[in-house]
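The values are calculated or read from the model by the stated rules, or taken from the named source; none is laboratory data. A quick note: this is a predicted structure, and the numbers were derived from the prediction, not measured. As a convention, Cβ positions derive from the backbone with ideal geometry for all residues, glycine included, and neighbour counts pool all protein chains shown. For the accessible areas, the whole protein counts, side chains as well, though only heavy atoms, and no ligand, DNA or RNA atoms are used. Shrake-Rupley method; radii C 1.70, N 1.55, O 1.52, S 1.80 Å.
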Amino acid sequence: MAVERTFSILKPDATERNLTGAINAMIEKAGLRIVAQKRVQITKAQAEQFYGVHKARPFFGELVEFMISAPVVVQVLEGEGAIAKYREVMGATDPAKADANTIRKVHAKSIGENSVHGSDSAENAAIEMGQFFAGNEIVG
Ligand code: ATP
Ligand code: MG
């Protein structure tokens, strides 16, 4: 499998509870390298664009308000099969359904406030990294 990069967000419920270090430890233990990272307050427009695919869903408004409720940490992760591997490390969207020892099982508060985002495809990873990082901010 090829070395890939994926885009990650440590969401407001994680930053508010000082879980950045604990979650990063789980990421690194899984063999993913953090090759870019910064703490940002995202705007409403950025959140609406980022989750635009869910615009018609009943939880969209709540999701946007949550994502702007506190700073987040945006990251680029690198490793063998990083996109699928990070989705595995994150666990299912609903922490009640997530496998043991996944980030969401261990840390998420609910299906909405679920601590982390990870890209779901190579195409979306490239788009999402480009939304938050300049090329020279990613040091592999
Ligand atoms: P993400 O895109 O954040 O990595 P995901 O791919 O596991 O998560 P999606 O189906 O893309 O899940 O949903 C995007 C986000 O919307 C979820 O991570 C969660 O924060 C929120 N969400 C999804 N389903 C619900 C729901 N039923 N109620 C409230 N919030 C939800
Ligand atoms: Mg998703």
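Here is how the numbers come out for the structure above:
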| item | result |
| --- | --- |
| Matching residues in segment 98-140 - criterion: being among the hydrophobic types (A, V, I, L, M, F, W, C), outside any helix (DSSP H, G or I) and open to solvent by 70 Å² or more (accessible area, probe 1.4 Å) | A100, I111, V139 |
| Top-ranked residue of segment 67-82 - restricted to ones that are under 16 Å from the mean Cα position of the chain (by Cα) and open to solvent by 20 Å² or more (accessible area, probe 1.4 Å), ranked as nearest to K29 (Cα to Cα) | E78 |
| Members of segment 1-14 that are open to solvent by 10 Å² or more (accessible area, probe 1.4 Å), outside any loop (DSSP other than H, G, I, E, B) and either farther than 14 Å from S119 by Cα or modelled with pLDDT under 95 (or both) | V3 |
| Selection count where residues are assigned to a loop (DSSP other than H, G, I, E, B) and within 16 Å of the chain's Cα centre (by Cα), scope segment 18-60 | 7 |
| From the options P95, P58, residue that is surrounded by fewer than 15 Cβ atoms within 10 Å (Cβ to Cβ) and either within 16 Å of ligand 2 (Cβ to nearest atom) or within 22 Å of D13 (Cβ to Cβ) (or both) | P58 |
| Residue among Q49, Q41 that alone is open to solvent by 70 Å² or more (accessible area, probe 1.4 Å), within 15 Å of ligand 2 (Cβ to nearest atom) and touching a residue at least 24 places away in the same chain (Cβ under 8 Å) | Q49 |
| Checking E113 against (1) out of contact with any Phe, Trp or Tyr (no Cβ under 9 Å at 6 or more places or on another chain); (2) within 11 Å of ligand 1 (Cβ to nearest atom), the condition it does not meet | (1) |
